[in-house]
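One structure is given below, encoded as structure tokens.
None of the figures in this text is laboratory data; all of them are computed from the coordinates on show. The structure presented is a predicted model; accordingly, all values stated were derived computationally and were not measured. Cβ coordinates were reconstructed from backbone atoms using ideal geometry, including for glycine residues, and neighbour counts include every protein chain displayed.
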Amino acid sequence: MAEGKLILVVDDEADVTSYLTSLLEDSGYQTVSATDGAEGFKLAREKKPALITLDITMPEESGVKMFRNLQETEETSKIPVIIVTGVSSEFKQFIESRKQVHPPEAYFEKPIDKDEFIGKVKELVN
């Protein structure tokens with residue numbers, strides 16, 4: 001059962017963050033959010049979420065850097081990551097060509113399909 005599992009939402013756009021947190025909370029998850037990769041990585045280490053949704057293009061620290069930091073840090077390397085971005089096809093090709101990191105568990109291009117998104121979240125955290 002999904003009840004109470006914590007999900008970290010990392011996105012610099014307030015409307016996207018609020019949409020994703022509402023969607024997740026309506027599905028029974030707890031959420032915490034960050035507006036850039038540095039804050040997101042800090043929260044990931046402190047809170048140990050069951051899952052992270054991550055935007056790629058953010059002004060302070062990019063999602064690419066945060067994703068790499070998650071992968072390279074033992075305590076966060078096993079947390080599943082869903083990329084939610086406006087640049088998913090280019091990013092998907094880029095990250096899958098990198099040998100030093102494994103690809104994220106899923107990609108969703110904005111605007112997301114909410115049923116498909118929640119289905120993937122449930123699959124990854126249960």
- Query: What's the extension gain from Gln30 to Val125 if we count 0.36 nm per residue and subtract their Cα-Cα distance?
  - Reply: 33.0 nm
- State the extension gain, in nm to one decimal, for the chain segment bounded by Asp113 and Lys78, taking 0.36 nm per residue of separation less the distance between their alpha-carbons. 10.1 nm
- Task: Scan around Leu54 for amide H atoms under 5 Å from its own, H built in the peptide plane at 1.01 Å from N, and keep only partners 5 or more places away or cross-chain.
- Result: Val10, Ile82, Ile83, Val84
- Message: Cut-off under 24 Å on the C-alpha distance; same-chain residues fewer than 8 positions from Lys78 excluded. Which lysines are left, in chain and number order?
- Response: Lys5, Lys42, Lys47, Lys48, Lys65, Lys92, Lys99, Lys120, Lys122
- The extension gain from Glu105 to Glu13, computed as 0.36 nm times the residue separation minus the Cα-Cα distance, is 30.9 nm
- Burial order of peptide ranges 109-115, 6-12, 55-61, 26-32 (average beta-carbon count within 10 Å, highest first): 6-12, 55-61, 26-32, 109-115
